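Notes for the one structure printed next.
The values are calculated or read from the model by the stated rules, or taken from the named source; none is laboratory data. This structure is a prediction, so every number in the text was calculated from the model and none was measured. When we count neighbours, we look across all protein chains shown, and the Cβ atoms used for this are built from the backbone with ideal geometry, even at glycine. Ligands, DNA and RNA are stripped out before the accessible areas are found, and what is left, the full protein with its side chains, is counted by its heavy atoms. Shrake-Rupley method; radii C 1.70, N 1.55, O 1.52, S 1.80 Å.
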Amino acid sequence: MLYVITGPTASGKTARAVHLARAIGGEIVSADSRQLYRGMDLGTGKDLDEYDGVPYHMIDICPAGYKYNLFEYLRDYQEAALDIAGRGKPVILCGGTGLYVESVLKGIQLPPVPRNDELRHRLAGKPLPELAELLSHYKTLRNNSDIDTPQRALRALEIAIYYHERPHLKSLTQPHPLHGYVLVGVDIDRDTRRQRITRRLRERLQAGMVDEVRALIDGGIAPDDLIYYGLEYKFITQHVLGQLTFDQMFSQLEIAIHQFAKRQMTWFRGMEHRGFHIHWLPWDIAPDAFTQSVLAMPPAP
């Protein structure tokens, strides 16, 4: 059985998933695109102490500086899910990366796409708007995840062109939707979400988030590779490099996280338009009531 707990940042997804896992003897698979990286803890909000002994997967699986992709996620998710189910345990997919959640539920399978050095050389130094315009000729841009940075846009172009030049691969990438799962969204009103985001940002900065970024750079991670990850790692890296004061960093980062949460909700609404039924439960519902509600929900046909 697959349970999916999703929602925007700062909605308390992890605590809900942990309570559910403890109640049914399940294991959690992360659907967070940045918690994959080792050493990126405060900035990605891993909060590993929240798991309190509940087994988790897809966290700390690759080094900081690596550029993990959707192909790798789907491959590694499948391996983790088969392992958990093979031991008779329920799988609980938890995270706010809508692309990962939707791709899992669609049953998407992606052939590996090799690096295209000729394309990278030809497009090196092109501004982000120009790369985004090129990418729009190959795919519909549903959100900004492919065009957050020139590096992301270039990789997205690499993948799109690879599939475009190999139409025989199209059948392999078509959805094979899953059945029998329960998809739950943690619903939090905008004002409360904004308050929790700001409070959590202050707490993580006080806990040493700037020192975490500085340690990654001192450990050999190129600043541009950290900026690639966006949000905390983008703005704090710019602060560490002296490009932003602390106050400028805080203000710009706070705005960026609020905008990110808004984009997450836009993705989830898009999922509903694309035929996924998300059972929304309030963020402040009692833990036992949340779990009981989830277990009473009918699985997707």
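A few points about this structure:
- Matching entry among Leu178, Leu141 (being open to solvent by 30 Å² or more (accessible area, probe 1.4 Å), closer than 27 Å to Glu272 by Cα, part of a loop (DSSP other than H, G, I, E, B) and modelled with pLDDT of 85 or more): Leu178
- Scope region 28-53; condition out of contact with any Lys or Arg (no Cβ under 6 Å at 6 or more places or on another chain) and open to solvent by less than 20 Å² (accessible area, probe 1.4 Å); matching residues: Ile28, Val29, Ser30, Ala31, Leu36, Tyr37, Met40, Gly43, Gly45, Lys46, Tyr51
- Apart from one condition, Ser136 fits all of (1) among the hydroxyl-bearing types (Ser, Thr, Tyr); (2) open to solvent by less than 70 Å² (accessible area, probe 1.4 Å); (3) in contact (Cβ under 8 Å) with a residue 24 or more places away in the chain; the exception is (3).
- For region 268-281, taking the residues that are open to solvent by 60 Å² or more (accessible area, probe 1.4 Å) and touching a residue at least 60 places away in the same chain (Cβ under 8 Å), the one that is nearest to Ser103 (Cα to Cα) is identified as Arg274.
- Residue count, region 54-86 (criterion: more than 21 Å from Ser103 (Cα to Cα), free of Cβ contacts under 8 Å to residues at least 60 places away in the same chain and open to solvent by less than 20 Å² (accessible area, probe 1.4 Å)): 1
- Among the candidates Ile188, Ile217, Ile221, Ile255, the residue that is within 30 Å of Ile92 (Cα to Cα) and either at pLDDT 95 or above or surrounded by 12 or more Cβ atoms within 10 Å (Cβ to Cβ) (or both) is uniquely Ile188.
- Condition met for Arg204 (closer than 24 Å to Thr291 by Cα, open to solvent by 20 Å² or more (accessible area, probe 1.4 Å) and not in a loop (DSSP other than H, G, I, E, B)): no
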